[in-house]
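The values are calculated or read from the model by the stated rules, or taken from the named source; none is laboratory data. The structure presented is a predicted model; accordingly, all values stated were derived computationally and were not measured. Using ideal geometry, Cβ is built from the backbone for each residue, glycine included, and neighbour counts are taken over all protein chains shown. Remember, those area values only see protein heavy atoms, side chains included, never the ligands or the DNA or RNA. Shrake-Rupley method; radii C 1.70, N 1.55, O 1.52, S 1.80 Å.
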Amino acid sequence: LRGILALLVVLVALGSLFGARAADGDGGPTHPHDEGACVLRLDLDPTTSSLEIGGSVVTPLSIPITQTSPSAGLFGAMYVQVNHADLVAQDSVDAIPVGECPEDGLSILSEDTNTTFRFVSPPDVLKQDQLRVWPTELDVEVKLAATTFADLTFHDLALEILTYDFVVRPDPNGANASVFEVEALWRVQSGIGSAVSMILGPGGGRTYVDMAGLNTTVTMAGTFDWEGRKVHLNSVVSAGFDLKDGDIADGVTAAVAFDTVVNADGVLGCPESCMLHGKCVPLGTNSSEFGCQCECGWSGPSCD
């Protein structure tokens, strides 16, 4: 009985543990993009950017943690600062000044350039098109055979991805592609976690935890595929949370994993005002020209 009650404490306080572990270390990269820098907005495809939650309680009982929502994924936008400098021709009239966006991906892939990327915060963290989780209520259960110990729900999760500068290199398997691998900080910008115990019955009630600011560090790897100014990001990431013995209760350990696939598209050289109030889109099916598709209430070439 003592072990079961300790297990229930873990399930109800799961979000609190994430918060405690998030405070360890220096907190990782937190800065927004540099003023005047080249920033690339990447809009996620919600039909192919997936999310699945799994794992298990390990002790005192081995109990699977399983996502019960039939499907889940990511939508909204991510932001990358592109630091591009031509090392060979800095004094040339054709050199790209530091801070300006290159005209196409081929210049990034050139061996004569020094280009680094950095995932940064959204220009406006209050926007609705930041990186978000769907559905707005994502359900998970802790269940062994026919016995459900607890139901967990994540409500209205909004995320951001932050890194330090990292290098992209030409992909040997793709003529117009580049590969990367970087340590990334995945942070919850806003959202609520809740849990209800099936063992304690109706009197147990549902407990709610504010998850804002909680984070974990992951290894993020993937590819950028280039076509002129257009770019496609593909990345597969598994963000794991280990609940160790004594973190919340003696004799209780667990492991939870957030497995994600990210597919997103963007356009180099989009004005910052366009990213704040719209997004860059092709002008015509086969056109190499791009313009700003403005949000409601904004207009003009740059949505400003």
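Residues being modelled with pLDDT of 75 or more and of a type in the set (F, W, Y) are represented in region 247-262 by at least one member. Answer yes if at least one residue in region 267-280 is surrounded by 16 or more Cβ atoms within 10 Å (Cβ to Cβ), assigned to a strand (DSSP E or B) and modelled with pLDDT of 85 or more, and no otherwise. Yes, there is a match, as at least one residue in region 267-280 is surrounded by 16 or more Cβ atoms within 10 Å (Cβ to Cβ), assigned to a strand (DSSP E or B) and modelled with pLDDT of 85 or more. Answer yes if at least one residue in region 80-88 is open to solvent by 20 Å² or more (accessible area, probe 1.4 Å), outside any loop (DSSP other than H, G, I, E, B), at pLDDT 85 or above and among the acidic types (D, E), and no otherwise. So far as region 80-88 goes, no, none of its residues is open to solvent by 20 Å² or more (accessible area, probe 1.4 Å), outside any loop (DSSP other than H, G, I, E, B), at pLDDT 85 or above and among the acidic types (D, E). Scanning region 130-153 for residues that are within 30 Å of L40 (Cβ to Cβ) and free of Cβ contacts under 8 Å to residues at least 60 places away in the same chain yields Q130, R132, T136.
Residues of region 162-192 that are modelled with pLDDT of 90 or more, open to solvent by less than 30 Å² (accessible area, probe 1.4 Å) and aliphatic (A, V, I, L, M): L162, V182, A184, L185. Restricting attention to region 226-240, the residues that are within 15 Å of E181 (Cα to Cα), of a type outside the set (S, T, N, Q) and open to solvent by 20 Å² or more (accessible area, probe 1.4 Å) add up to 1.
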